[in-house]
Amino acid sequence: MSYSHLDDEERLGERASLTSSDLGSSANDSEYGFSEPEGERFCANLCPGTRAGRLVLAGGLFLIISLAVLLLIVGVMLAKDNERLDESNSSGSGSLHPGDPAAQWAAAITADALLAHLNSLLTIAMSNGGNRACGQPGYAASVEYVRQQLKENNYDPVIQNFTLDVWDAGSTPPRFNQTRPTALHFDLDSDFAIMTYSGPSAPTGNCGPVFRATGAGCTASNFVGMNAGDVAFVSRSPPSLPAAQRCSFEDKVNLAVAQGATGVVIYNDGEDGHTGLMAGTLGSPQHIPVFFVPYELGIELAGQGTDAEVCLYSDSKTDTQTTWNVCADTLTGDAAADLPRVVVGSHLDSVPAGPGINDNGSGSSNTLEMAIQLKKTGLYKDLVNQVRFCFWGAEELGLKGSRAYVSNLVDNDPEELKKIACNLNFDMEGSPNFMRQIMQGSLSPDDVRKGSSYIEKMFSDYCTEQSEPFVYKEFSGRSDYQSFVDAGIPAGGLESGAEEVKTVEERDMFGGIAHASADTCYHQSCDTVKNIDMDGLLSMAHGAATVTMRMALDKDLMSNLYDTPPSRKRTVQKRDQW
């Protein structure tokens, strides 16, 4: 079931007006039910011209005035009561959930408010080339929108600058051809995609024989037999492969380059949800062209071996720019002492291919509305631990913004880093083929497993309380929580699915369509507001607020997350998207 939004101006109906002609008029007393003689007798005693009549009239006027004054006093008192209610809880949620701040905060977050943020982000994208990608005008406008919303609600947002290699596909569209054994031309955006941070080719293209790497292309042994000048065809790491045996796209390219590859073609792995075309990132600039193709085309081309030759053409370029994260703290919760800080984060950028309303306008809208309602309800006054709301830049380029945030603390302010108790990450919260996914902390790295398992349980307990079904999502390293995990900070969060395929069992749990991906518009131009399951997004927002509040009120949060106080001495590991 999808949320149906009302028009901004609802038709309330026309008010009926009463006129003197509607009430009627009278010419004499008989119209009030008196006969002439009865009227005369009545007037003799009570009509205004008599003494008794004047006394009755004066008494009546006094009674009317007294009632009017009484009604005025009652009205003023009611208005003041309503004003006090508005000040203490502008959404009215406090009266619905007395004594439960988590439930009050959740109830204050509405579908209308979330939808307003989504529409604003879509407008920004469509006014700036159709995207909100980092390094592009749409991202700068998104940062300003979030900053202004926070300022209007009495936060003091901090803009963190960091430098970024901003990639551009170039002025000439990339080309991909086969020159032997038969000449074939492949179409951009249907047969192949250029990967972010792909390098440029020679003016006539980089051409070479086809070499098919074995396995997932994650070790040097997978490239044995490759010659300098070959074009390496490498499989994407399949989800069924153990995490320790998978690697990033960048790792695959680096191994191929070490063997002298003149170009790299990565093809999808063929497992459920991993068959079609996608736009991926290499994490850092490369010096050779790198393309991505669907599974069937990749297998067909790679299977020809060195008898086949392909050419990759690209005039892409990379420039260094300054871009931004946005963070804002609650006014209470003593971060100046050794009490914990809960960092709530969502990435604000999109891919260049589309406006990114589910990925990740949904998570950003959720985090922003959480911050707004925490202030409006006044619940921030009761927090034990501080909450920091962050909006990360350049997640789609390899978690760059969150890595810059954590790395800066590791290098320059380790004492400040120690105050971070955990990270709650919200990325893709309103997928149209919705699934409620909880990050599975029990399978996270050893040094964060206790805390991440605790966060997992906080979310699963909430879903159980609400009778909301859920499934677990592995720690894949593909979103900003990984930047914290790599620094030894526990993490967790909620997702609603990307390209993974919904099973029959999941269809029975959540509805929707089995054997279809959770988001068919993932990293595409159709990722607009129409791509959002508003009911799903609202339920995720309520879960996010409830768990965040419970952690912000937990006086024993650090002991629940850690066996010993964190030293935070390890360096941040480099790990990009798979």
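Here are the numbers for the structure shown:
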{"item": "Listed residue (MET278, VAL231, ASN268) projecting farthest to the positive dipole end of segment 182-281, Cβ model", "result": "VAL231"}
{"item": "Mean shadow area of segment 426-578 over all directions, Cα convex hull, nm²", "result": "9.7 nm²"}
{"item": "Interchain or long-range residues, amide H under 5 Å from GLY493's placed H", "result": "ASN425, MET439"}
{"item": "THR520 accessible area, 1.4 Å probe, all protein chains in place, Å² to nearest 10", "result": "90 Å²"}
{"item": "Unit charges on C-beta of K, R, D, E only; dipole of segment 101-258, Debye", "result": "400 debye"}
{"item": "For segment 327-427, size of Cβ-based charge dipole, Lys and Arg +1, Asp and Glu -1, in debye", "result": "240 debye"}
{"item": "Long-range amide H partners of ARG180 with built H, under 5 Å", "result": "GLU309"}
{"item": "Distribution of pairwise C-alpha distances over segment 338-394, 10 Å bins, in %", "result": "22, 43, 24, 9, 1"}
{"item": "Furthest towards positive pole of dipole, SER476, MET509, ALA487, structure part segment 468-530, Cβ charges", "result": "MET509"}
{"item": "For segment 95-140: accessible area per residue (Å², 1.4 Å)", "result": "38 Å²"}
{"item": "Accessible heavy-atom area order of ARG403, ARG132, highest first, probe of 1.4 Å", "result": "ARG403, ARG132"}
{"item": "Positive-end residue of CYS218, PHE162, ALA202, charge dipole of segment 106-264 with Cβ unit charges", "result": "CYS218"}
{"item": "Entries in LYS317/LYS530; LYS473/LYS555; LYS419/LYS450; LYS450/LYS502; LYS418/LYS473; LYS151/LYS457 that, when Cα-Cα distance is taken, lie over 25 Å", "result": "LYS317/LYS530; LYS473/LYS555; LYS450/LYS502; LYS418/LYS473; LYS151/LYS457"}
{"item": "For segment 395-448, convex hull volume per residue from C-alpha positions, Å³", "result": "122 Å³"}
{"item": "Relative contact order of segment 376-518, defined on C-alpha pairs under 8 angstrom at six or more residues apart (%)", "result": "29 percent"}
{"item": "Unit Cα scatterers, Debye sum, segment 93-218: log10 I(q)/I(0) for q = 0.14, 0.16 Å⁻¹", "result": "-0.90, -1.02"}
{"item": "Compactness of segment 300-454 as Cα Rg over 2.2 N^0.38 Å, two decimals", "result": "1.35"}
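The values are calculated or read from the model by the stated rules, or taken from the named source; none is laboratory data. None of these values were measured; they are calculated from a predicted model. Using ideal geometry, Cβ is built from the backbone for each residue, glycine included, and neighbour counts are taken over all protein chains shown. The area values use the complete protein model at the heavy-atom level, side chains included, leaving out ligands, DNA and RNA. Shrake-Rupley method; radii C 1.70, N 1.55, O 1.52, S 1.80 Å.
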